[in-house]
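Worksheet: one structure, shown below.
The values are calculated or read from the model by the stated rules, or taken from the named source; none is laboratory data. The structure presented is a predicted model; accordingly, all values stated were derived computationally and were not measured. Note that we place each Cβ from the backbone using ideal geometry, even for glycine, and neighbour counts take in every protein chain shown. When the accessible area is computed, the model is the full protein with side chains, heavy atoms only, and any ligands, DNA or RNA have been set aside. Shrake-Rupley method; radii C 1.70, N 1.55, O 1.52, S 1.80 Å.
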Amino acid sequence: MKSLLLGTILGGLTAFLWSSVSWELLGWHEKAVRRFANEDAVTMAISSPAAASGVYLLPSLPAKEGMMAEQAKTAQAVAMEQFRKGPIMLAAVRANGFGSYPRALAIQLLSLMAAAGLLTWLLLQTTGLSYGRRVLFLAVAGLAASVIVDLPNWNWWGFSGAYTAVNLADFTLTWSLAGLVIAKVAKPGADQSRTSST
């Protein structure tokens, strides 16, 4: 439990510090994001009374409730043709703005601590790894997390190659640096050997 707790707290703090550097100082995430030519027009469309906070897909998928089988098939074919031609947009909308920045930072820190806790637990299930291999284990786990999320977004929704590459690199760096700390405090077998020796 001590190893798990230390890995959770110290690993999460390390990941949080790096994420602050990555987003606030390096600027590589912003460079991978494009801008609309007329942001005011887009903002007006999003701010319409009918728009609510949530995730939006354009073109939207057909609502098949109440359709006959043939009608649903036709609607699906039309939607697929729209997807084929484009444009396609997957967007998360906050209609009422960002809200409290300190609250968002606190949630980010807790989220990274939760991730560090899970990775620490995974590391504690291993045996016989040197310090360097424990760090590598956590770095690969971070890369795997990004591959699971970011490559499907690149494939299906058109997230750019630059945006995807930055996320892949950032996830790997985040958990490599946090891994340096977690691997130091979480040594698989150490707690068990102390318990057995007593």
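Identification of helices (runs of 4 or more DSSP H) wholly contained in the range 80-198 with 2 or more residues that are within 27 Å of residue 57 (Cα to Cα) yields 101-124, 131-157, 161-185.
With respect to the conditions (1) open to solvent by less than 40 Å² (accessible area, probe 1.4 Å); (2) at pLDDT 85 or above; (3) in a loop (DSSP other than H, G, I, E, B), residue 34 falls short on a single one, namely (1). Within the range 110-131, the set of residues being within 11 Å of residue 9 (Cα to Cα) and in contact with a helix residue (DSSP H, G or I) (Cβ under 6 Å, 6 or more places away or on another chain) comprises 112, 113, 116, 117, 120. Counting the residues of the range 76-99 that are over 25 Å from the mean Cα position of the chain (by Cα), over 21 Å from residue 153 (Cβ atoms) and not polar (S, T, N, Q) gives 3. For the range 81-92, taking the residues that are among the hydrophobic types (A, V, I, L, M, F, W, C) and surrounded by 13 or more Cβ atoms within 10 Å (Cβ to Cβ), the one that is nearest to residue 21 (Cα to Cα) is identified as 90.
Among the residues of the range 57-75, those identified as hydrophobic (A, V, I, L, M, F, W, C), over 23 Å from residue 157 (Cα atoms) and surrounded by fewer than 12 Cβ atoms within 10 Å (Cβ to Cβ) are 68, 69.
Which members of the range 171-188 meet the condition of being touching a Phe, Trp or Tyr at 6+ places or on another chain (Cβ under 8 Å) and either open to solvent by 20 Å² or more (accessible area, probe 1.4 Å) or charged (D, E, K, R) (or both)? Residues satisfying the conditions are 173, 177, 184.
The set of residues from the range 102-144 being within 21 Å of residue 23 (Cα to Cα) and of a type in the set (D, E, K, R) comprises just one member, 103. Candidates in the range 110-152 are the residues that are without any contact (Cβ under 8 Å) to a residue 12 or more places away in the chain and polar (S, T, N, Q); of these, the one that is farthest from residue 186 (Cα to Cα) is 111.
Comparison of 137, 159 shows that the only residue that is farther than 30 Å from residue 181 by Cα, touching a helix residue (DSSP H, G or I) at 6+ places or on another chain (Cβ under 7 Å) and of a type in the set (Phe, Trp, Tyr) is 159.
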